[in-house]
Every structure is written in structure tokens, then in C-alpha cells.
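**Student:** Let me give you the structure first, and then I'll get to my questions.
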Amino acid sequence: MISRNLILAALAAATFTAVPVQAEQGDWILRVGAANVDPDADSDQIDVAGLATLDGVDVDDNTQLGITITYMLTDIWAVELLAATPFEHDITVNGVGIDAGSTKHLPPTLTFMWYPMGGQESKFQPFVGAGINYTYFWDEEVDGELEAALGAITEPVTGSTDPVPADLDLDDSWGLSARAGFDYMFNDKWGVNASVWWIDIDTEATIQTELADVQFDVEIDPWVYMLGVSYRF
């Protein structure tokens, strides 16, 4: 996992050196590296058809290939699109350690960015920004442990403790995002990059069974950390 401490350490290690490597209006910057989505998840309690109340769910982290493409509108203002290979997250039920299921998602994020040192001849080029995110969920799956737990919970109604087959659906999400990071350039083309995003991702989860549908809100709100290389053209 890429920790925020690692990125902060990399930021602290970057030093100012005067060389002509600043980005300019009309430049494109491609950044590629390891991107870790680390959810700060919180969810409603889950009312299982009035028979039991579960303490919500948690969502684990996942690392994939992250890609950003940035266009310099001026020497100090830019627009950037974040993309990645699909992230896959395991979901657990809080308090009881039950594996609830998993999902895949893609979080394309469009960010308007400010380069405070834009136009200055420096290897070190920090940036900050804000934008909007759209998260698409798919391939949601329910784990057998949750189906077995549902069987035990609904036994007073069904007269059986057999697992209850279930499906999981997560609504897509729109939300705001914040962004910070830096490039440390080795020459006028190549450099290293460290970045962090906070993304507002909220979804409504629906567990569907033949007995009833259970709905609850989940705030995923991840921190996203990325370390990689940057190339300007």
C-alpha cells in the first residue's frame, strides 16, 4: 500500500534547483504509476428485514495502474483527467468479520489545477486542484459467508438455516474531489511524480433476495495515493 507518509517524505526530499524545466502553455504531461485507493468508509446500519441489525460495512484498499493526462491551459493553470485499470475491493460486515462480497469500479476524475511555481525555472513543480469525480461500479458479488449469515438470520421466517442466495447492486456516484502533488523533473521531458486525491464517493447499496431487498447508504470517500513517472510533450 502507498501510504501518505511515503508521499510526504518524497515531497520533503524534493529540493529547489534552478534549471529550465518548467511546463508551459500548450504542454501535455503524462503521468503513470502505482495508484492506491484507500477508502475511509462509513455506512448506515443494515436492517435485515426487521430480524437483525448489522453494523454496516467496511471496504478494503486496492492498488492498480494509475494514469493521468494533463493539458497546460497557461503556464500556471491546467486541466487533468485521472484514469486507471479497474480497482477491485473486498467488502466486510463490521463487528462480525463476515466477508460480504466484492465490487469493481473505475473513478474517472476531471481536475482544474494550479501550478504556483508555473513559469519559474525549477525542477520542483508542485500543484493543487479541485474537480469532479464519476465512479462506475460493476461486477458486484455476494460472498458465501454473507449468504450463510442471511440464512441464519431468516431462519425464524423460513424454518431453514440454508444459505439465502443474494445479489448486490451499488449505485454509481458523482462527487467533488481535491488534488495535490508535485513533479520533480530530471530534464525537460522526464521526472518523478507523487500525488494524492481525496474523492467524495457515496453510493446506495442494495442486497436483493427472494425474501426482501435491503438498502443502505455507504460513504466510501477514499484517499488516492500515486507514485510514478511523468513525461512532458
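**Student:** Within the stretch 100-107, identify whether any single residue is surrounded by 21 or more Cβ atoms within 10 Å (Cβ to Cβ), among the aliphatic types (A, V, I, L, M) and assigned to a strand (DSSP E or B), and answer yes or no.
**Tutor:** yes
**Student:** Then there's this: Out of the residues in the stretch 84-99 that are of a type in the set (Gly, Ala, Ser) and in a loop (DSSP other than H, G, I, E, B), which is surrounded by the fewest Cβ atoms within 10 Å (Cβ to Cβ)? I'd like the intermediate steps shown before the answer.
**Tutor:** Narrowing the stretch 84-99 to residues of a type in the set (Gly, Ala, Ser): 84, 95, 97.
Narrowing the set further to residues that are in a loop (DSSP other than H, G, I, E, B) leaves 95, 97.
Working: Gly95: 10, Gly97: 8.
That would be Gly97.
**Student:** Could I ask something else about it? Ser43 - would you say it is of a type outside the set (A, V, I, L, M), at pLDDT below 95 and surrounded by 15 or more Cβ atoms within 10 Å (Cβ to Cβ)?
**Tutor:** Yes: the conditions hold for Ser43.
**Student:** Only one of these is over 30 Å from Gly95 (Cα atoms), touching a residue at least 24 places away in the same chain (Cβ under 8 Å) and not basic (Lys, Arg): Ile46, Ile69. Name it.
**Tutor:** The conditions single out Ile69.
**Student:** Please enumerate the residues belonging to the stretch 167-206 that are hydroxyl-bearing (Ser, Thr, Tyr) and more than 21 Å from Ile67 (Cα to Cα).
**Tutor:** Hits for the stretch 167-206 are Thr203, Thr206.
**Student:** Return yes when Phe216 is modelled with pLDDT under 95 and under 25 Å from Ala84 (Cβ atoms) and no when it is not.
**Tutor:** It is false that Phe216 is modelled with pLDDT under 95 and under 25 Å from Ala84 (Cβ atoms).
The values are calculated or read from the model by the stated rules, or taken from the named source; none is laboratory data. Please read these numbers as outputs of a predicted model, since none were measured by experiment. Positions of Cβ are generated from backbone atoms using ideal geometry, with glycine treated the same way; all protein chains shown enter the neighbour counts.
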